[in-house]
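Undergrad: Structure below; questions to follow.
The values are calculated or read from the model by the stated rules, or taken from the named source; none is laboratory data. Predicted model only: the values in this text are computed from it and were never measured. A quick note on method: Cβ atoms are made from the backbone with ideal geometry, for glycine too, and the neighbour counts reach across all protein chains shown. Areas reflect the complete protein model, heavy atoms only, side chains present, ligands, DNA and RNA absent. Shrake-Rupley method; radii C 1.70, N 1.55, O 1.52, S 1.80 Å.
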Amino acid sequence: MTDRYDFKAIEAKWQEYWEREGLYNVKEEPGKPKYYALEMFPYPSGNLHMGHVRNYSIGDVLARFKTMNGFNVLHPMGWDAFGLPAENAAIQHGIPPSKWTQENIMEMVEQLKILGFSYDWDREISTCDPDYYKWTQWLFLQFYKHDLVYKAESSVNWCPSCSTVLANEQVVDEQCERCGTTVHDRNLEQWYFRITRYADRLLDGLDDLPGWPEKVKIMQNNWIGRSEGVLIHFPLEGGETVPVFTTRADTLYGVTYMVLAPEHPLVDKLTRGTKYENPVKEFISETRGMDNIQRTSEEHEKEGMFIGAYAENPINGDEVPIWIANYVLMDYGTGAVMAVPGHDQRDLEFAQKYNLPVKIVVNPTEKNDDNESTIEAFADDGISVNSGFISGLPTPEAREKITEYIEEKGLGERQINFRLRDWLISRQRYWGTPIPILYCEKCGIVPVQEEDLPVYLPKDVEFKPTGESPLKYHDQFLNAACPECKGMATRETDTMDTFVDSSWYFLRYTSPQEKNHVVDKNKERYWMNVDQYIGGVEHAILHLMYARFFTMALKDMGMISAEEPFENLLTQGMVLKDGAKMSKSKGNTVDPKEIVNEYGADTARLFILFAAPPERDLEWNDEAVEGCYRFLNRVWRLVSTYEGSIKGLTPEAYRVKDEREKDLNRVMHNTIKRVTEDIGERFHYNTAISAIMEFYNAIQGYCDQQPRNKQNLQLIKEAVSNLVVLLAPFTPHIAEDLWERIGNAPSVHGQAWPKYDSAALKVDDVTMVIQVNGRLRDRMNVSVDTSEEEIKDKALSRERVSKYLNNKEIVRTIVIPGRLINIVAK
């Protein structure tokens with residue numbers, strides 16, 4: 001062996017061996033505990049970045065660790081392959097999206113294999129493969145049969161750059177999440193999934209996920225946005241009513257005006273034939289030219305107008321003027337708002353702008369405050385005032401009492417509302433899963449027959465510079481026979497949101513070759529749910545919530561057994577350089593291929609796992625990469641030194657004969673304990689690696705201190721063997737090679753994880769610090785079973801201590817067993 005290990009040769013050798021032996025291919029073993037480890041699958045952009053390397057290295061350590069602990073581990077990989085980048089590449093470079101995607105997948109598979117990840121490549125899936133999207137389409141049809149799919153015209157978020165609709169969750173600060181372009185409104189007929197039907201279950205299920213980060217659960221909780229309140233009916237002349245939802249029924253006495261969405265159907269009825277009709281129409285026309293995002297933005301000017309009509313406050317008979325305003329939307333709530341300017345800041349600002357009255361009906365205390373010129377609305381709980389029979393009651397009691405009255409008198413009813421909206425899945429793009437729907441002039445909307453799936457995405461399409469979907473102009477795709485009347489029909493040209501593809505991929509991994517069903521029920525029952533899911537927190541709302549919705553819906557349809565897809569969730573931090581997230585535009589990227597070429601895959605893995613705990617951001621450090629490389633070379637040299645001496649030793653119980661051997665043995669078992677707990681219980685990979693490095697130092701220290709002819713070679717072999725096994729999940733290639741070189745048959749990754757001996761962890765003697773008045777004066781070794789009185793006596797009798805106590809009175813003596821003794825004197 002040489003002083004520097006040839007990582008290129010070693011890594012190539014063992015990667016070829018693992019693939020040849022099918023080491024990571026698994027099947028169901030009912031008598032063995034299973035473990036499903038999964039990292040979020042990537043978009044095949046063609047190149048891995050350091051964020052990928054970190055994500056997959058975290059998962060790989062866990063998968064290898066669980067395998068060595070006796071679990072049957074499923075650790076698959078695949079490709080979230082549909083999406084805009086491939087389509088944009090086709091437009092810009094004239095490359096078919098399928099060709100561009102497949103070439104990228106091949107490149108990334110090679111990169112993943114070079115990094116030594118333990119994936120079962122026989123289970124590889126790609127969402128753009130017809131064998132996969134056939135089942136995505138089939139699931140759409142099942143949702144359609146169970147009334148979980150519908151088509152509706154509505155105002156949608158339109159990205160002009162991407163030429164497609166965006167879900168609400170994909171709009172951030174009025175901009176497209178993907179490209180940053182300002183998003184506009186459009187009225188389109190779109191396909192929706194009824195995710196709102198599962199709102200309560202999605203919310204309640206969060207309580208059953210103790211293995212999820214609290215911040216992710218809070219984000220989903222807030223997005224679902226459950227509100228308990230009352231639907232109150234405000235009477236109009238002629239017998240109609242305006243329903244209004246409120247969570248603050250206790251402020252009903254403070255209503256001074258009502259606001260309807262300009263699109264509300266009552267607006268036309270109430271203004272037709274009046275002097276307000278034309279001005280209202282003009283206002284509505286102006287409002288329609290605005291985006292919903294603008295209308296609801298806190299920064300946008302709130303504008304409105306009185307429409308000449310009044311409602312009646314059902315609690316006290318007050319006349320309530322009806323206004324329309326740009327900030328109220330028809331598709332949010334009931335499209336009507338009861339305005340209480342004394343206790344809602346937006347209502348107050350609107351009232352002040354249009355000189356509308358303000359009533360104070362809640363005070364922080366029981367003091368009656370009728371100051372209607374308030375600058376800031378009091379929106380907190382307090383004491384009801386000026387509120388008839390609820391005056392003097394604290395807000396919770398007042399809210400309950402007036403709600404009971406409203407229900408008793410038939411003025412309204414309790415209701416639960418959600419912020420969550422149905423999931424818009426239509427996309428006006430080509431590179432996605434075709435929606436399996438036909439339009440027939442005679443039969444209307446007709447689902448494609450299951451036996452006719454998949455609806456293939458044509459490859460011979462011509463892309464428009466405008467970004468418009470070429471499916472609209474592909475006659476062979478567009479025209480089809482209606483399965484009901486056999487007449488001519490046209491296909492739906494929208495494709496599905498790519499989040500549909502990724503909402504069930506983890507299920508397909510359990511039986512990816514299944515031809516007759518979306519999943520094999522027995523295999524799904526064996527593997528699901530995912531024991532550990534790993535990915536970025538940026539997916540907290542979109543992907544994770546959609547995956548939960550799909551899992552619950554499929555369970556209800558009797559297709560799967562799992563209620564929740566992911567038992568535990570780890571959201572890893574970003575990889576930073578110079579304090580910022582790596583990006584090409586900032587010029588601060590690090591190419592994993594360059595690191596692997598210069599230092600090897602094991603060094604890249606070791607650094608990315610050692611530099612920071614997985615859930616925290618990691619700052620790239622070239623010197624630390626070099627340091628990890630040097631450490632692996634030191635391990636290599638240690639084994640090189642002893643390879644010939646320990647290779648032929650037969651396995652037998654080693655014995656420790658002196659204190660140095662006892663110390664090394666103690667460090668070894670303590671390291672096994674620390675690494676086991678850091679990987680298996682806490683994801684503290686950085687401290688696990690630190691413990692391994694300390695263990696190496698202890699082995700090297702023992703070898704350096706003892707003459708070669710007096711060294712306990714059996715102990716050294718045991719220590720080196722454990723060192724190699726503990727390194728194996730982190731640095732699989734060098735561990736595999738060293739395992740073989742010290743006389744073992746491969747593979748180290750099939751070895752049982754070492755167990756620590758509690759007895760070996762016991763310490764006979766400890767070193768205690770002696771302080772006088774808090775300052776270090778001496779140290780002494782004492783037996784661990786020495787009493788406090790004996791410790792005091794021994795400390796006081798030591799020469800270096802007594803000289804600091806001459807002519808002083810000892811006030812007290814503090815003993816912290818095993819650590820220090822502090823003598824307080826004056």
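Undergrad: Scan the strands (runs of 3 or more DSSP E) fully inside the range 472-545 and keep the ones with 2 or more residues being open to solvent by 20 Å² or more (accessible area, probe 1.4 Å).
TA: Here the list reads 479-481, 488-491.
Undergrad: In the range 516-550, what residues are hydroxyl-bearing (Ser, Thr, Tyr) and under 24 Å from Glu29 (Cα atoms)?
TA: Of everything in the range 516-550, those that are hydroxyl-bearing (Ser, Thr, Tyr) and under 24 Å from Glu29 (Cα atoms) turn out to be Tyr526, Tyr533.
Undergrad: So which helices (runs of 4 or more DSSP H) stay within the range 258-367 end to end and still have 1 or more residues that are at pLDDT below 90 and of a type outside the set (Ser, Thr, Tyr)? Give the steps one after another, and end with the answer.
TA: On the way: elements: 265-271, 277-288, 292-296, 345-353.
In the range 258-367, 277-288, 292-296 are the helices (runs of 4 or more DSSP H) which contain 1 or more residues that are at pLDDT below 90 and of a type outside the set (Ser, Thr, Tyr).
Undergrad: Also, I was wondering about something else. Tally up the residues in the range 389-435 that are under 30 Å from Tyr150 (Cα atoms) and among the small types (Gly, Ala, Ser), please.
TA: We begin by selecting, within the range 389-435, every residue under 30 Å from Tyr150 (Cα atoms); these are 412-435.
The next check asks that each one be among the small types (Gly, Ala, Ser); those that pass are 412, 426, 432.
Qualifying residue count for the region: 3.
Undergrad: Kindly provide the set of residues from the range 33-56 that are at pLDDT 95 or above and loosely packed, with under 15 Cβ neighbours inside 10 Å, ordered by number.
TA: Within the range 33-56, just Pro33 meets the criteria.
Undergrad: If the Cβ limit is 6 Å and pairs must be 6+ apart or interchain, which residue in the range 184-212 that is acidic (Asp, Glu) pairs with which residue that is in a loop (DSSP other than H, G, I, E, B) and open to solvent by less than 60 Å² (accessible area, probe 1.4 Å)?
TA: As it stands, the answer is Asp185/Asp291, since those pairs meet every condition given.
Undergrad: When you go through (1) surrounded by fewer than 20 Cβ atoms within 10 Å (Cβ to Cβ); (2) assigned by TED's automatic domain parsing to the domain that holds Tyr144 one by one for Ile435, which number turns out not to apply?
TA: Unmet for Ile435, out of (1) surrounded by fewer than 20 Cβ atoms within 10 Å (Cβ to Cβ); (2) assigned by TED's automatic domain parsing to the domain that holds Tyr144: (1).
Undergrad: Let me spell it out: the conditions are (1) in a helix (DSSP H, G or I); (2) modelled with pLDDT of 95 or more; (3) surrounded by fewer than 21 Cβ atoms within 10 Å (Cβ to Cβ), and Tyr133 meets all of them except one. Which number is the exception?
TA: (3)
Undergrad: Follow-up. Hey, does the range 255-275 have a residue that's farther than 19 Å from Asp331 by Cβ, crowded, with 22+ Cβ neighbours inside 10 Å and within 44 Å of the chain's Cα centre (by Cα)?
TA: The answer is yes; a qualifying residue exists.
Undergrad: Of the residues Thr127, Thr136, Thr164, Thr181, which is of a type outside the set (Gly, Ala, Ser) and closer than 23 Å to Leu420 by Cα?
TA: Unique residue meeting the criteria: Thr164.
Undergrad: Moving to a separate point now. Answer with yes or no whether Tyr192 is open to solvent by 40 Å² or more (accessible area, probe 1.4 Å) and in a strand (DSSP E or B).
TA: Against the criterion (open to solvent by 40 Å² or more (accessible area, probe 1.4 Å) and in a strand (DSSP E or B)), Tyr192 does not qualify.
Undergrad: What strands (runs of 3 or more DSSP E) lie completely within the range 760-826 and have 2 or more residues being touching a residue at least 40 places away in the same chain (Cβ under 8 Å)?
TA: Numbers: elements: 765-772, 775-783, 810-816, 820-825.
Once the strands (runs of 3 or more DSSP E) in the range 760-826 are filtered for at least 2 residues that are touching a residue at least 40 places away in the same chain (Cβ under 8 Å), what remains is 765-772, 820-825.
Undergrad: Pull up the range 242-254, narrow it to residues that are touching a His at 6+ places or on another chain (Cβ under 7 Å) and assigned to a helix (DSSP H, G or I), then point me to the one that is surrounded by the most Cβ atoms within 10 Å (Cβ to Cβ).
TA: Taking the candidates together, the pick is Gly254.
Undergrad: Since Met108 meets every condition but one in (1) farther than 23 Å from Leu84 by Cβ; (2) not in a strand (DSSP E or B), which condition does it not meet?
TA: (1)
Undergrad: Let me ask another. Keeping to the range 147-176, report how many residues are modelled with pLDDT under 85, within 16 Å of Met496 (Cβ to Cβ) and in a strand (DSSP E or B).
TA: Qualifying residue count, the range 147-176: 4.
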